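S.K.: Please see the structure below; I have some questions.
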Amino acid sequence: MADPAPRPRVGLFVTCLVDVFRPSVGFAAVKLLEECGCTVEVPEGQTCCGQPAYNSGDRADTKALAKRTIEAFEKFDYVVVPSGSCGGMIKEHYKELLADEPDWAHRAQHLAARTYELVSFLHDVRGMRTVNSRYDGTVTYHDSCSGLRELGVKQQPRALLRSVAGLKLVELPGAEVCCGFGGTFCVKYPEISDKMVTAKTDDIDATGADTLLAGDMGCLMNMAGKLKRRAMERGGRAVRVRHVAEVLAGETDAPPIAAAKEG
Amino acid sequence: MAARDQILGGIRRSLHRGVLDGAAAAPLEQRVTTPPRGPIPARTQGLDQGGLVDQFERCANEVAASVTRVARLDDVPEAVASFLAQHNLPADLAMAPDPLLDRIPWDKRPLLRIRKGRSDGRDPVGLSAAFTGIAETATLMLASGPESPSTLNFLPDTHVVVLPAGRIVGPMEDAWAKLRAASPAAKLSGEAMPRTVNFITGPSRTGDIEQKILMGAHGPRRLHIVIVGDERS
Amino acid sequence: MQPTSHAFKQNAHEAIADAKLQQALGFFQFGQAGLAERRRQAVAKLPEFDTLRDSAKAIKDHTLAHLDWYLERFEKNCTEAGGHVHWCRTAEEARQTVLEICRKVGARTVTKGKSMIGEEIAINDYLSENGVVPIETDLGEYIVQIRHEIPSHIIAPAIHLTQKQVEQSFRETHTHLDPARQLAEPRQLLDEARGILRQKFLDADVGITGANFLIAETGTSVIVTNEGNGDLTQLLPKAHIVLASLEKVVPTLEDASTILRVLARSATGQEMSVYTTFSTGPRRAGDLDGPGEYHVILLDNGRSALLGTEFQDILRCIRCGACMNNCPVYASVGGHAYGWVYPGPMGSVLTPALIGVEEAGNLPNASTFCGRCESVCPMRIPLPKMMRHFREQEYERKLSPKTVRAGLALWAFLAKRPALYHRLTRLASSILGRLGRRSGSFYNLPLAQGWTGTRDMPAPQGQTFQAMWRARRAG
């Protein structure tokens with residue numbers, strides 16, 4: 001249901017990977033949010049959502065980070081995250097994590113109710129159905145696991161991508177199969193991770209697309225790194241890899257992920 | 001018995017409680033005495049008997065069971081003989097000593113050699129009568145008894161099953177209801193439950209070699225179902 | 001059997017390098033549409049599937065909460081039907097009980113239907129050591145037995161083998177047959193196995209099966225098969241022994257019918273398996289066939305201890321295999337890498353639950369938490385959540401590798417201090433950004449060799465979003 005509130009205040013949870021590796025994604029997100037009528041703030045106290053600690057079994061540190069995140073963001077009308085995995089962490093896991101502390105659990109529940117992954121926020125909450133951007137290319141889209149299974153992000157990016165002028169969308173076979181990033185997994189089990197990303201890049205190559213998009217930087221860096229290495233080893237150009245927000249916002253001046261600066 | 005007590009005690013300790021009896025046990029007692037049904041798929045709801053038979057036949061084809069429909073028991077010998085001839089199968093049948101099968105005029109097809117009894121592993125063809133048929137999945141229900149040896153369902157190379165159309169029900173739950181109704185105390189505990197209740201859906205198969213589905217693993221290679229009559233019989 | 005789960009990483013390494021295994025795993029994933037796709041198609045044809053999952057989950061949760069009562073009721077009805085129930089606390093107790101039953105009937109050979117409990121208690125080796133010959137009859141189990149391997153999947157035991165490997169094993173084992181015979185077609189392999197095993201069925205003194213369900217209402221055990229071997233195993237011998245762990249019990253026949261609707265569909269995409277058999281007690285007075293004795297081994301082996309813990313939900317597992325059919329990690333390394341009886345996602349929870357986190361800690365760690373297993377589980381078991389609980393146990397007991405712990409501790413330290421975090425991330429972004437600017441990525445990064453060994457690491461853009469944002473707001 002589209003939210004009729006005139007100018008909601010959005011707190012952007014930028015995520016560590018966007019913050020450190022690819023700020024242009026953050027700026028693309030801001031542009032899209034402002035385009036659909038939101039004011040955007042970026043609280044300074046944010047750092048990490050706590051997922052690496054959480055998935056490594058360190059509940060104490062995770063709780064500490066969760067509490068900081070809740071404190072920094074609970075004053076906003078919405079918290080929007082350009083990542084399904086960080087979004088899922090805040091929206092689904094904080095409440096379970098803090099279940100034994102009633103005060104924090106309550107605050108976590110309230111925050112969860114107002115937290116969204118970026119593209120699903122634009123589409124489901126703000127009612128956005130078209131974007132005013134142009135992208136000349138054949139695009140294939142990978143469904144990041146947390147976004148898909150925890151937050152129901154599936155149709156929304158496809159719907160918005162179809163409205164991009166010049167863009168041709170081809171479905172990725174096995175779009176819903178994990179790319180092998182998995183946070184600490186790719187560090188702990190690199191061989192299995194590589195096998196999975198190899199299968200993924202085989203599927204991507206088979207589509208004939210020149211561009212790969214997804215909504216999570218972890219997945220994107222993993223797939224982009226593999227696509228580039230394969231292109232180097234076999235010759236030929238690597239598929240261009242970007243965060244879906246960049247294409248939706250028409251912000252594609254920056255080189256794609258892992259790509260050299262042109263010129 | 002030490003092990004029994006320790007296991008039951010361990011369960012209760014893990015669940016932080018003692019023995020369930022009296023009021024606590026009443027709903028459990030109720031559940032096993034009058035079992036509630038779970039969700040029943042819509043596909044067989046609201047079908048009349050003819051609809052159930054059609055549904056059964058459709059599903060049977062999908063699971064590679066062959067089906068012949070005949071109007072009366074008198075037509076069964078011809079149906080069985082021509083099925084065997086069509087597939088070049090020997091006309092040697094081991095037949096269950098079932099009263100329904102006894103009513104069939106086998107002398108109409110004297111070339112069919114019939115021996116009544118269980119199978120000893122050397123029978124090319126087994127012939128049984130089904131207790132019910134489940135239209136939801138084209139599943140035959142056969143229950144063991146003095147008139148129904150279970151070995152006939154598994155040892156012969158080919159299994160032929162006579163299924164009166166009136167015995168076909170929609171979901172498996174209706175099959176259980178029929179079995180309960182047929183038992184003396186109308187419940188299936190102790191010896192009232194047949195030793196072996198087989199639900200058979202198509203001929204034996206395996207996918208254990210490179211995922212290729214092959215018919216005729218250890219059970220019958222072929223399952224042929226002769227549905228008799230359009231209404232009750 | 002001695003677990004090798006502690007060596008998961010090495011097992012996985014060998015599995016990835018094993019060309020024949022990888023070829024077989026290709027058939028598993030894609031052959032005749034693959035098991036995952038077949039499940040998907042079957043689910044699409046049943047509108048009530050999700051409702052049935054909810055009911056199935058509720059049935060098991062109810063049963064587990066009253067497990068003692070339902071087990072006692074099962075025992076009562078089984079005994080009334082002439083069966084014997086044997087309560088076994090441990091694998092050893094179960095083995096001894098089975099052997100004793102075999103000895104009492106003077107068993108020389110025993111046929112076996114597929115039973116994961118049989119694997120768990122390592123019954124085959126025990127029987128062999130004690131002069132009783134066990135013969136696997138499920139085709140996949142038979143193949144695995146003659147190769148002296150263990151099953152690599154809970155539904156399809158030989159899924160790790162190619163047809164050629166099966167042919168080779170048959171030739172090496174069935175030496176009484178003409179070496180010049182044709183065996184290149186799967187049909188020929190099946191017919192050969194059928195012929196050999198047919199006589200074994202007829203000769204066996206005891207038949208051992210597993211149980212997909214035990215039914216309290218009637219004292220019945222249920223097996224779900226496609227080949228018919230489980231039925232020949234139990235009908236022909238003098239005694240039928242059922243191996244079942246405690247959590248197999250459900251209250252009623254109707255409850256079994258509900259869960260059956262999601263079982264075969266989840267496992268192989270079939271609506272019903274070919275043979276679903278309900279067995280109650282020994283043959284009756286007027287019966288023409290059937291076993292003279294019926295014994296049910298009720299095995300605890302850690303199940304009662306899982307009740308009431310954060311791992312209770314794994315006791316809802318109905319052994320359909322959907323989780324491993326849909327797991328990209330399983331598809332990469334196959335079942336043997338997991339090192340014990342139960343592979344894939346359910347194995348990654350049940351194995352550490354039964355044999356401990358010290359031995360099996362790798363298993364719940366070797367997951368990306370993609371969540372696909374949970375999404376296809378017919379019993380709605382929260383597998384990633386329970387794997388995470390094991391990781392918490394390992395963290396508290398300091399079982400995880402030092403380097404990973406140190407790295408994460410450093411990260412958490414910084415993340416709790418925003419000012420320091422922002423300064424350091426700006427520095428890192430700037431340095432790495434400058435170093436990687438020309439090519440856009442790193443071919444080799446010390447400390448990140450696991451990644452850069454096979455893929456490039458994208459370079460940062462050179463500034464942090466936070467710094468740029470503050471600058472833009474200020475300017």
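The values are calculated or read from the model by the stated rules, or taken from the named source; none is laboratory data. Keep in mind that what you see is a predicted model, and the values were worked out from it rather than measured. Positions of Cβ are backbone-derived with ideal geometry, glycine not excepted, and every protein chain shown enters the neighbour counts.
S.K.: Considering only the stretch C:4-16, how many residues are more than 9 Å from every other protein chain (Cβ to nearest Cβ) and surrounded by fewer than 18 Cβ atoms within 10 Å (Cβ to Cβ)?
M.R.: Count: 5.
S.K.: Filter the stretch C:220-261 for residues that are in a strand (DSSP E or B), at the interface with another protein chain (Cβ under 10 Å from one of its Cβ atoms) and either at positive phi or under 22 Å from the mean Cα position of the chain (by Cα) (or both) and give the result.
M.R.: Matches in the stretch C:220-261: C:VAL222, C:VAL224, C:THR225.
S.K.: Looking at B:ALA130, B:ALA143, B:ALA165 in this structure, which one is under 18 Å from B:GLY51 (Cβ atoms) and modelled with pLDDT of 95 or more?
M.R.: B:ALA165
S.K.: Against the condition more than 23 Å from C:VAL274 (Cα to Cα) and out of contact with any Leu (no Cβ under 6 Å at 6 or more places or on another chain), how does B:LEU47 come out, does it pass?
M.R.: Yes.
S.K.: Residues that are within 8 Å of chain B (Cβ to nearest Cβ) and at pLDDT 95 or above: does the stretch C:105-117 have at least one?
M.R.: No - not one qualifying residue is present in the stretch C:105-117.
S.K.: Same structure again: I need the full set of residues from the stretch B:180-227 which are part of a strand (DSSP E or B), small (Gly, Ala, Ser) and either under 30 Å from C:THR252 (Cα atoms) or assigned by TED's automatic domain parsing to the domain that holds B:GLU29 (or both), in order please.
M.R.: none
S.K.: Every residue in the stretch A:32-58 that is in a helix (DSSP H, G or I) and buried (at least 19 other Cβ atoms within 10 Å of the Cβ), please.
M.R.: A:LEU32, A:LEU33, A:GLN51, A:PRO52, A:ALA53, A:TYR54, A:ASN55
S.K.: From (1) part of a helix (DSSP H, G or I); (2) more than 7 Å from every other protein chain (Cβ to nearest Cβ), pick out the condition that doesn't hold for A:ALA64.
M.R.: The single condition A:ALA64 does not satisfy is (2).
S.K.: Quick check, is C:THR79 over 25 Å from the mean Cα position of the chain (by Cα), in a helix (DSSP H, G or I), over 24 Å from C:PHE201 (Cβ atoms) and β-branched (Val, Ile, Thr)?
M.R.: Taking the combined requirement at face value, the residue satisfies it.
S.K.: Next question, about the same structure. Among A:MET232, A:MET217, A:MET223, which is the only one that is within 10 Å of chain C (Cβ to nearest Cβ) and free of Cβ contacts under 8 Å to residues at least 40 places away in the same chain?
M.R.: Exactly one residue qualifies, and that residue is A:MET232.
S.K.: Continuing with this model, one more query. Being within 12 Å of chain C (Cβ to nearest Cβ), among the basic types (Lys, Arg) and more than 21 Å from C:ASN325 (Cα to Cα) narrows it down to one of A:LYS200, A:LYS188, A:LYS168, so name that one.
M.R.: Result of the check over A:LYS200, A:LYS188, A:LYS168: A:LYS188.
S.K.: Could you list, in sequence order, the residues of the stretch C:339-350 that are assigned to a loop (DSSP other than H, G, I, E, B) and among the small types (Gly, Ala, Ser)?
M.R.: Scanning the stretch C:339-350 gives a single hit, C:GLY339.
S.K.: Of the conditions (1) within 14 Å of chain C (Cβ to nearest Cβ); (2) touching a residue at least 24 places away in the same chain (Cβ under 8 Å), B:ARG115 clears all except one; give me its number.
M.R.: (2)
S.K.: Out of C:LEU35, C:LEU21, C:LEU64, which single residue is modelled with pLDDT under 95, more than 7 Å from every other protein chain (Cβ to nearest Cβ) and on the phi < 0 side of the Ramachandran plot?
M.R.: Among C:LEU35, C:LEU21, C:LEU64, only C:LEU35 is modelled with pLDDT under 95, more than 7 Å from every other protein chain (Cβ to nearest Cβ) and on the phi < 0 side of the Ramachandran plot.
S.K.: List the number of the failed condition for B:VAL162; all other conditions in (1) among the aliphatic types (A, V, I, L, M); (2) in contact with a helix residue (DSSP H, G or I) (Cβ under 7 Å, 6 or more places away or on another chain); (3) within 13 Å of chain C (Cβ to nearest Cβ) hold.
M.R.: Every condition holds for B:VAL162 apart from (3).
S.K.: While we're on this one: Just give me the residues in the stretch C:11-55 being more than 28 Å from C:MET272 (Cβ to Cβ) and basic (Lys, Arg), in sequence order.
M.R.: C:LYS20
S.K.: Shifting gears a bit: Could you check how many residues of the stretch C:416-453 are in contact with a strand residue (DSSP E or B) (Cβ under 9 Å, 6 or more places away or on another chain), farther than 30 Å from A:ARG68 by Cβ and at the interface with chain A (Cβ under 7 Å from one of its Cβ atoms)?
M.R.: Qualifying residue count for the region: 2.
S.K.: What are the residue pairs meeting all of these: first residue in the stretch B:60-79, first residue within 30 Å of B:LEU214 (Cα to Cα), second residue of a type in the set (Gly, Ala, Ser) and assigned to a helix (DSSP H, G or I), Cβ atoms under 6 Å, and 6 or more apart or on different chains?
M.R.: As it stands, the answer is B:VAL67/B:ALA60; B:THR68/B:ALA79; B:VAL70/B:ALA79, since those pairs meet every condition given.
S.K.: Residues being part of a helix (DSSP H, G or I) and either surrounded by 23 or more Cβ atoms within 10 Å (Cβ to Cβ) or within 11 Å of chain C (Cβ to nearest Cβ) (or both): count how many of those fall in the stretch A:74-96.
M.R.: 12
S.K.: Within the stretch C:351-368, can one find any residue that is buried (at least 19 other Cβ atoms within 10 Å of the Cβ), more than 10 Å from chain A (Cβ to nearest Cβ), at positive phi and not in a loop (DSSP other than H, G, I, E, B)?
M.R.: no
S.K.: So which residues in the stretch C:195-219 are free of Cβ contacts under 8 Å to residues at least 12 places away in the same chain and either buried (at least 23 other Cβ atoms within 10 Å of the Cβ) or outside any helix (DSSP H, G or I) (or both), if there are any at all?
M.R.: Residues satisfying the conditions do not exist here.
S.K.: Every residue in the stretch C:454-475 that is assigned to a loop (DSSP other than H, G, I, E, B), at the interface with another protein chain (Cβ under 7 Å from one of its Cβ atoms) and either surrounded by fewer than 19 Cβ atoms within 10 Å (Cβ to Cβ) or among the polar types (S, T, N, Q) (or both), please.
M.R.: Selection gives C:THR454, C:GLN461, C:GLN463, C:THR464.
S.K.: Condition first: touching a helix residue (DSSP H, G or I) at 6+ places or on another chain (Cβ under 9 Å), farther than 29 Å from B:GLY202 by Cα and either crowded, with 23+ Cβ neighbours inside 10 Å or not β-branched (Val, Ile, Thr) (or both). Can you find one or more residues in the stretch C:269-285 that meet it?
M.R.: yes
S.K.: Right, next: Determine whether the stretch B:71-83 contains at least one residue that is assigned by TED's automatic domain parsing to the domain that holds B:SER204, of a type in the set (Phe, Trp, Tyr), farther than 27 Å from C:THR276 by Cα and assigned to a helix (DSSP H, G or I).
M.R.: No, the conditions are met nowhere in the stretch B:71-83.
S.K.: Another question, then. Checking the condition part of a helix (DSSP H, G or I), within 13 Å of chain B (Cβ to nearest Cβ) and buried (at least 21 other Cβ atoms within 10 Å of the Cβ), which residue from C:LEU190, C:LEU161, C:LEU127 passes?
M.R.: C:LEU190
S.K.: In this structure, does C:CYS102 turn out to be more than 7 Å from chain B (Cβ to nearest Cβ) and buried (at least 23 other Cβ atoms within 10 Å of the Cβ)?
M.R.: Criteria met by C:CYS102.
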